[in-house]
Amino acid sequence: MDTHLTDDVVGPLPGDYKSDVKPIWCPGCGDYSVLAGITRAMANMGLERHDTVVVSGIGCSSRIPAYTSVYGYHTVHGRSLAVASGVKLARPELNVLIFGGDGDGFSIGGNHFLHACRRNVDMTYIVMDNQVYGMTKGQASPTTEADWCESKLTPEGPGVNPIQPVALALACGANFVARGFSNNPNEVARLIVEGVKHPGFSVIHILSPCVTFRPEQRGWKSTVHPYGREPTDDPNEAMRAVLEDDGFGLGIFLAGNRRPFQPGSTATHSIAQIEEGFAV
Amino acid sequence: MTVDSVTIALVGSGGAGAMTAGQMLLDAAANVGWYGLMSRSTGPQIRGGEAAALVRLSPTPVHGPGDRFDIIIAFDWQNVERFAAELPLSEKSVIITDPSQGEVPAVLAASGAKQVELPIKELAGRIPGGRVNMVGLGAVAAIVGLPRAGIDAVIQKALGKKGDAAIQASNAGIDAGSKEAAGWNLGLELAAPNKEGATRWNISGNEAAGLGALKGGVKFCAAYPITPATEILEWLAPNLAKTGGKLVQAEDELASIAMCLGASFSGVPSITATAGPGLSLMTECIGLGVASETPVVIVDVQRGGPSTGIPTKSEQSDLNIAVYGLHGDAPHLVVGPTSIGDCLFTTQWAVHLAEALQTPAIVLSDQAMGQSRAIVDKPADAPHKANRLLATDLGGEGKYKRYADTESGVSPAAIPGMPGGEHTADGLEHAENALPSSQASDHQKQLDKRLRKLTSHDYGDAWADIEGEGEIAVVTWGSATGPSREAVRRLEAAGTKARLVAIRLISPVQPAKLAAALDGVSKVLVVEQTHGAQFHKFLRGHYDLPGKVSVFSRPGPLPIRAREVHETLLSLI
């Protein structure tokens, strides 16, 4: 690693990428530390604030754009990846990051996640997974366990198996897939830096506890563990490792080598020339 | 004796080549200086279903379908019952039929139309590589007096790549059909073309909308295919690339509109095209465009609804969702082209307006315009371009107000790449500085501003097409304009003055301008193609209409014909 993840390096500081808006998050929310990791990553890379766009959907973590000082677009539930794809396809020179949660990304936004993985536009998706809908006060999300009975909406538990975001990303063809834990913002920052630098679509799955509706997630501190292998460029190898993992392994699973999708745009004709095709 | 307009249906099941023959007939007529319009009647089948090319030719510009068909030529009668209602005939009509294909179906024969037999299949069979559609084309050409030179150019253009044998086979087929029909003397020879005047174009409404997007300055399109809008996207795909723009096929309509918003947020004028079901899916993101003040253009090529409805046939019944479909108070632009050629102007204007007012614009085209092809005078160049008001004074660190409450309501925009303009555009209600706010005062201020920027804009004369004078007026929009215009002109030709007001700017409404246009009117006829009289109710909700108001409104898929509007007007006098 040639990255410097301390606050005392020369150049922009993490604070330069923070807005002065106070987050609406509950005390103890894991997203505070993710935000710290994000701004550290931005400072580490020295991103130009005016050339950086963060896009989000709806939910607690999707509030992050307002807490940064770069360009942001806080959109609607589930559509952040599509909006971000439009930004990057139209203006390839911009740095594009997307923030969101498990419900936004894998439930209402599931189709866009699938296609963002296979489309492979060069942008980085940081998805904060707390296995619950926090903004609407505690319903099951697509990553919630089948027997979680704390929601009034599914008092007997959702009754269906949770999806595994990292495996899903690999199955859909994502080019860079990693997992972090919010408790360690320096490691979160390192993963984001690696993801942003990697060409193509990168998915950074971050376990980020919701201590309000899932207080037991405080225990994740002792559940997480290093994934323990070097990153591979082979999706099959990454998938085998992910399936062997318990869902709490941290690290970079895949750093693949698919070419990013970016249609060219060199003008070759005037509109007058095109119009000539209609003349009788 | 010659006629001023001739309306022809070429009918056959898929593979007979009816569409190709119709296309070649239109192109050939254009070559010799006639005007024309070709619409298509097809079922939902992709291949092998019924197909009819519906062509109207005239020495003067054609505004809509003819009252009745003068000529029907059928290569076979398969499934004709499905669309017989779309083929109105009279005793003066001529049905050309191949005896080998059986009797003329009763549903058509009952019209009393004259029947003429032509052994189409037999004639084609005598020619190596011969095809029935070329025999039919030859017969129709002879009946209407289409000079052979016009057809030759079309054959060369269409078949040049296929080689001499294909050209010879086509020519032989045309000759055979032409020779048989030459002696029929049906009295349907079209008046001589007027070759003088403007350059003419051969263009479909969907192509015209695509060209309008380019001319307006669109550089990004996200697309999801849907009938009858797909041709806009297919036309834009290569042509956007030629002009340095990009088209991306999205995974669904939600992604299409979302990608367009992303591209537009980054400063690139964007468009998508869809039909009713897709517009329904897009409405949430259109609301995001309203709230975040992100310009975007959505061309909705309307088809029969609700739900999947009648995908291949036309209606004007998306008016309500286009105007009212967004939740909350969400003022936005809705415009409707008034003809195939006008799809160009109106789409270009929509791009300009969306960018100038930083809001979504919905262009309500429809299947009857979008998938029809017309010979039109080359549309005049319009000055309208995408020109977003960009912020020049960003006010220093953290001072930029993306949603500043300006007098015009339009706030100078900062786009990524502009230092000092960093902000988060938001679908949440926000304060002037773009930060989320649920305060009553901020909500009121932003609602006022977003409405004001639409209502205080000067839209000029383009808000409507207005012609004629007198105390009786037809108020209409979209593809109902063509038959309405023709009906008004018939009334005038018979000595009764009448006005036509075809409203192009549906929303925001222009009460003062319509009041002026209808000044002195005592009778108003509203013409539209919906079951629920959506346009009439819309007018009633937003305008004071003078005098006695009547409505001619019925659903698709049957096109509105000038005769129907004319008869309704006569009944009102």
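Under a Cβ-Cβ cut-off of 15 Å, what is the net charge of the residues other than A:SER151 that fall near it, where Lys and Arg count +1 and Asp and Glu count -1? Every neighbour counted, the sum reads -3.
The range A:32-75 and the range B:27-50 have Cα centres spaced 53 Å apart. Using every pair of separate Cα atoms, the Kirkwood estimate puts the hydrodynamic radius of chain A at 19.3 angstrom. Rounded, prolate or oblate: which one fits the range A:33-78, using the alpha carbon gyration tensor with axes a ≥ b ≥ c (rounded when a/c is under 1.5, else prolate when a/b beats b/c, else oblate)? Oblate. Remark: accessible area buried at the A-B interface is about 4300 Å², both chains counted, probe radius 1.4 Å. In the protein assembly as shown, taking the dipole from charged Cβ atoms about the Cα centre, the farthest positive-side position among B:ILE120, B:VAL296, B:TYR543 is held by B:ILE120. Based on alpha carbons, the Rg and Dmax found for chain B are 25.5, 85 Å.
For the range A:200-224 versus the range B:350-375, the spacing of their alpha-carbon centroids is 47 Å. Take chain B with all the other protein chains still there, run a 1.4 Å probe, and you get 36 Å² of accessible area per residue.
When DSSP beta bridges are restricted to pairs lying wholly in the range A:82-212, around 5% turn out antiparallel.
Each distinct pair of alpha carbons in the range B:176-307 adds a 1/r term; the inverse of their mean, the Kirkwood radius, is 16.9 Å.
By the scheme Lys and Arg +1, Asp and Glu -1, what is the net charge of all other residues having a beta-carbon under 10 Å from that of A:GLN139? Residues close to A:GLN139 contribute a combined charge of +1.
Classify the range B:296-385 from the C-alpha gyration tensor, please: rounded if a/c falls under 1.5, else prolate or oblate depending on whether a/b exceeds b/c. In terms of gyration-tensor shape, oblate. Only protein chains counted, 1.4 angstrom probe. Which residues of the range B:250-290 are at least 20 Å² less accessible in the assembly than when their chain is isolated? Buried by 20 Å² or more upon assembly, which counts only protein chains, are B:GLU251, B:ASP252, B:LEU254, B:ALA258, B:MET259, B:GLY262, B:PHE265, B:SER266, B:VAL268, B:GLU284, B:CYS285, B:LEU288.
Taking every residue in B:207-220 and counting other chain Cβ atoms within 10 Å of its Cβ, the average works out to 2.
Summing +1 for each Lys or Arg and -1 for each Asp or Glu among the other residues whose beta-carbon sits under 10 angstrom from that of B:LEU394 gives -1. For the range A:167-280, the per residue solvent-accessible surface stands at 46 Å², with DNA, RNA and ligands left out and a 1.4 Å probe. Computed from point charges on the beta carbon alone (+1 for Lys and Arg, -1 for Asp and Glu), the dipole magnitude for the protein assembly as shown about its Cα centre is near 960 Debye. For chain B, the share of DSSP beta bridges that are antiparallel, to the nearest 5, is 40%. In straight-distance terms, cross-link reach from B:LYS92 covers every one of the lysines whose alpha-carbon lies under 17 Å from its own, apart from those fewer than eight places away in the same chain; here that gives B:LYS114.
For the range A:74-122, the solvent-accessible area works out to 21 Å² per residue, with a probe of 1.4 Å and every protein chain left in place. Measuring how big the range A:144-280 is from its alpha-carbon positions, Rg and Dmax come out at 21.7, 76 Å. Share of pairwise Cα-Cα distances greater than 15 Å in the range A:169-246 is 61 percent (whole percent).
The range B:112-135 and the range A:118-166 have Cα centres lying 66 Å from one another. Among the listed pairs A:LYS88/B:LYS215; B:LYS162/B:LYS215; B:LYS246/B:LYS445; B:LYS385/B:LYS449, those with a Cα-Cα distance over 26 Å are B:LYS162/B:LYS215; B:LYS246/B:LYS445.
Of all DSSP beta bridges confined to the protein assembly as shown, the antiparallel ones make up roughly 35%. Name the residues of the range B:419-462, by number, that are at least 40 Å² less accessible with every protein chain in place than in the isolated chain; the surface is that of heavy atoms, probe 1.4 Å, without ligands or nucleic acids. The answer is B:GLU422, B:THR424, B:LEU428, B:LEU435 - residues whose exposure falls by at least 40 Å² when every protein chain is included.
Structure remark: mean-square fluctuation, Gaussian network model of chain A, C-alpha springs under 10 Å; the largest value among A:SER107, A:SER61, A:SER182 belongs to A:SER107. Normalised by 2.2 N^0.38 Å, where N is the number of residues, the alpha-carbon radius of gyration of the range B:170-219 equals 1.99. When a/c reaches 1.5 or more, the comparison of a/b and b/c decides; with that in mind, is the range A:1-139 rounded, prolate or oblate per its Cα gyration tensor? Oblate. Using a 1.4 angstrom probe on heavy atoms only, work out the carbon and sulfur share of the accessible area of the protein assembly as shown in %. That share works out to 51 percent. Within the protein assembly as shown, the ratio Rg/Rh, alpha carbon atoms throughout and Rh by Kirkwood, equals 1.05. The per residue volume of the convex hull around the alpha-carbon atoms of the range B:278-326 is 68 Å³.
The values are calculated or read from the model by the stated rules, or taken from the named source; none is laboratory data. Nothing here was measured: the structure is a model prediction, and the numbers come from that model. Here the Cβ is made from the backbone with ideal geometry for all residues, glycine too, and neighbour counts use every protein chain on show. These accessible areas exclude ligands, DNA and RNA; they are computed on the full protein's heavy atoms, side chains included. Shrake-Rupley method; radii C 1.70, N 1.55, O 1.52, S 1.80 Å.
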